[in-house]
Number of protein chains: 2
Amino acid sequence: MAKSNDTKYWNTRLREAAEYQPGEQPQGLEGYIKLNTNENPFPPSRAVVEAIQAAAGDALKRYPDPAARELRKAYAAAKGIDPENVFVGNGSDEIFTLLFRGFIEPDGVAAFGYPSYSLYSTLAEMNGIRYETVPLNRDFSYNLPGFSKKKYAMVIIASPNNPTGTYCEVGEIRSFLGKFKGLLVVDEAYIDFYGGSSIKLIGEFENLIVTQSMSKSYSLAGLRIGFAAAGAGIIRGLMKIKDSYNIDRLAIAGAIAALKDTRGFAYNNEMVVSNKEYLEESLKALGFEVVPSRANFVFTRHPSVAAAEIYRLLKEKMILVRYFSGPVQSEYVRISVGTMMEMKRLVKELAAITGA
Amino acid sequence: MAKSNDTKYWNTRLREAAEYQPGEQPQGLEGYIKLNTNENPFPPSRAVVEAIQAAAGDALKRYPDPAARELRKAYAAAKGIDPENVFVGNGSDEIFTLLFRGFIEPDGVAAFGYPSYSLYSTLAEMNGIRYETVPLNRDFSYNLPGFSKKKYAMVIIASPNNPTGTYCEVGEIRSFLGKFKGLLVVDEAYIDFYGGSSIKLIGEFENLIVTQSMSKSYSLAGLRIGFAAAGAGIIRGLMKIKDSYNIDRLAIAGAIAALKDTRGFAYNNEMVVSNKEYLEESLKALGFEVVPSRANFVFTRHPSVAAAEIYRLLKEKMILVRYFSGPVQSEYVRISVGTMMEMKRLVKELAAITGA
């Protein structure tokens, strides 16, 4: 075997881009309580499982619909918009990649909040797009006026924000759009738990793109379905630049079934919210500072035990939470909402760690 | 709704790139015999269906393994290579996109044969990569020395070639690699029907990438699984640039099961080859010229009936074959191999069309 464990054939951009670090995915370490990647602790709808099982048959020999029309129709109906305003991506990740590739000129600059979802800057680098960050306010709310100071080609706002859980009101987004001429992407991966989507603004502003995901609120991280809602011109551009058959038949079938099971969806989300509120109250009772969150996770720190230490000690106890290096973030851990049993185990270990 | 059916927010590259035209996918037109997109006429293995049905459950709430380790291990074992030499893409399409994005400098030039898979040039344009084409020889074999005349950053050879079905011997690939310093991508989407893969050369040449697909020979076009085999450095680059979770849990489970069912796979391929030989003989008996093919399709023309006319008349009879515009190609139709019943229907209609 030729020795080729080097980067000789990588282009400069690939060599220089920072690598994205997804949360630890312990393979074969089944004992862990996994509260580090914001997955939903409850299973997906039975209707999804049945739809996938029905789709897993002879039809797999055929390519999927390259335009995923049935799924776009179902999503559009659920959101009260038109299918021509809907794009489906292989997770929201693919949508962000496509936006960087097709909607910013080489001299354009993107902007994100800090701290926010670290994938944005990774993808910008990977696509040769320069970017700047605008620090969140001290309470971790977005400083939207801070994004108007320069002519950014694209701004990505996560609402609720990851990892802080903080939320931008629709009214704030609307005011910002009144002044902003670039593209505004509102990443709503976590919107479904508390609602309040900006999707209703897409008819008003042709420079708005709202992305959503089935990974969290639909318990379908394993299926890879993300949506973008935007004006028809932007959607056509996304369709043009995507790979021909980006969504497979099983994901299309499962996602359509998920959208139809509105009762199961509402019930699942209520349980997540209820467990999250239990987690918040319990953390506060242990002396933790808890950032107000509208997502299925909380961003929290303790006055006397360092976040890195909390992360490490919990891992020893077979509980994974997310710890980020970097300024501001490194003072906190991000804890995903689990089942009630998992939350109780976590709280018990945290009581021991903090000596409460 | 704001009028936004325009390309105002597209960047120059997206605006200027030509759009890829996948073969017609008639939605809801169930009566058609579909011989236009090289899908396998036989169903996928039962083992695949069962593995997907088993994977469709609570685990869908969890992200898939971002490195698809189990699948890479299974593919590596099947091919006698190491998992560190294997990458899995959301179809081969994703792999080509990633290669253009991460392995060519902005001033690099790519080269493809002509006629060949039209997606290569579309993807090059979409990624701002200049490209040239080197015409195939008159018998539609590759003119490999023609690719050595300039310092191309990347050459993509399809073997068997699409749409011609012609094949490059491993010895020819090896000789070419002895002289060529750029990256050579051998697209083997159609290799399994007759064998003769260049994958055995990846240990010898660190600038070789061999791509394969489960869409055709495994009857899994609906699942989106493509593979790249190459030196570890190239694979690490592909892993770095891909979206974090590019392959979903169901596709991973199905693909692993497909690789294990070697008997079903061999049987399926034998049937395809046998039907293809029937098709070739029948076409010749009707006076067609048939380009020798090692794929599951044939590229063929008739001395007196124009290809466009054959396409149109077959479509009237509810049979879809592929017709390409453009020089050389427009003289031919490409016909995918179907079931024996479909081949007999086709031959009957062609007999009527050609007056044989």
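Bear in mind that the values in this text are calculations on the coordinates, not laboratory data. A quick note: this is a predicted structure, and the numbers were derived from the prediction, not measured. Using ideal geometry, Cβ is built from the backbone for each residue, glycine included, and neighbour counts are taken over all protein chains shown.
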Toy charge model, Lys and Arg Cβ at +1, Asp and Glu Cβ at -1: the protein assembly as shown dipole around Cα centroid in debye, rounded to 20, equals 360
Counted charge near A:Gly182, where neighbours are those whose Cβ lies closer than 10 Å (Asp, Glu -1; Lys, Arg +1):
+3
Convex hull (Cα only) mean projected area of the stretch B:90-178, reported in nm² to one decimal
5.8
Relative contact order as a percentage, chain A, C-alpha pairs under 8 Å and 6+ apart, gives 23
Positive end of the dipole of the protein assembly as shown, charges at C-beta (+1 Lys, Arg; -1 Asp, Glu), about the Cα centre: which of B:Ala124, B:Phe140, B:Gln21 has its Cα farthest in that direction?
B:Ala124
Take each complete run of DSSP H in chain B, measure how far its Cα atoms stretch along the helix's own axis, and keep only those covering 24 Å or more with mean Kyte-Doolittle hydropathy at least -1.0; list them.
B:262-285
Quick one: Cα convex hull volume of the stretch B:1-136, Å³ per residue?
250
Can you give me the C-alpha center-to-center distance between the stretch B:185-204 and the stretch B:293-356, rounded to a whole angstrom?
28
Which lysines does A:Lys149 reach when only Cα atoms under 16 Å apart count, and residues fewer than 8 places away in its own chain are ignored?
A:Lys179, A:Lys181
What spacing in nm lies between the two simple spin-label points modelled at A:Tyr267 and A:Ala77, each 7 Å away from Cα in the Cβ direction?
2.2
Interatomic Cα distance distribution for the stretch B:314-354, bins of 10 angstrom, percent:
25, 54, 19, 1
What per residue convex hull volume, in Å³, do the alpha-carbon atoms of chain B yield?
162
Could I have the simple spin-label model distance between A:Glu316 and B:Glu105, label points 7 Å from Cα toward Cβ, reported in nm to one decimal?
5.1
Report the gain in length on full extension from A:Glu277 to A:Ala18: 0.36 nm times residue separation, minus Cα-Cα distance, nm rounded to one decimal.
89.7 nm
Counting only other chains, what is the mean number of Cβ atoms within 10 angstrom of the Cβ of each residue in peptide B:244-257?
5
Between B:Ser175 and B:Val328, 0.36 nm times their residue separation minus their Cα-Cα distance comes to what?
52.3 nm
Using the Cα centre of chain A as the reference point, and only Cβ charges (+1 on K/R, -1 on D/E), how large is the resulting charge dipole? Debye, rounded to the nearest 20.
340
If the cut-off is 17 Å between C-alpha atoms, which lysines fall inside it for A:Lys348, apart from same-chain ones fewer than 8 positions away?
A:Lys34, A:Lys276, A:Lys284, A:Lys315, A:Lys317
For the stretch A:160-260, list log₁₀ I(q)/I(0) at each q in 0.10, 0.24 Å⁻¹, using the Debye formula over Cα point scatterers of equal strength and ignoring solvent, two decimals each.
-0.31, -1.34
Sort shortest first the distances from A:Met340 to its counterpart in every other copy, using label points 7 Å along the Cα-to-beta-carbon line, and give them in nm.
6.3
What trypsin sites (Lys or Arg not before Pro) does the stretch B:113-158 have in DSSP loop regions with at most 14 other beta carbons within 10 Å?
B:Arg138, B:Lys149, B:Lys150, B:Lys151
On the formula 1/(1 + (r/R0)^6), with r taken between the Cβ atoms of A:Ala308 and A:Arg130 and R0 of 25 Å, the FRET efficiency rounded to 0.05 is 0.20
Can you give the FRET efficiency for B:Glu289 and A:Thr7, using 1/(1 + (r/R0)^6), R0 = 41 Å, r = Cβ-Cβ distance, to the nearest 0.05?
0.30
Taking every DSSP beta bridge with both residues inside the stretch B:46-260, roughly what % is antiparallel (nearest 5)?
35
Where a ≥ b ≥ c are root eigenvalues of the Cα gyration tensor, a/c under 1.5 meaning rounded, otherwise prolate if a/b exceeds b/c and oblate otherwise, the stretch A:234-356 counts as prolate
How well do other chains shield peptide B:222-233, expressed as the mean number of their Cβ atoms within 10 Å of each residue Cβ?
5
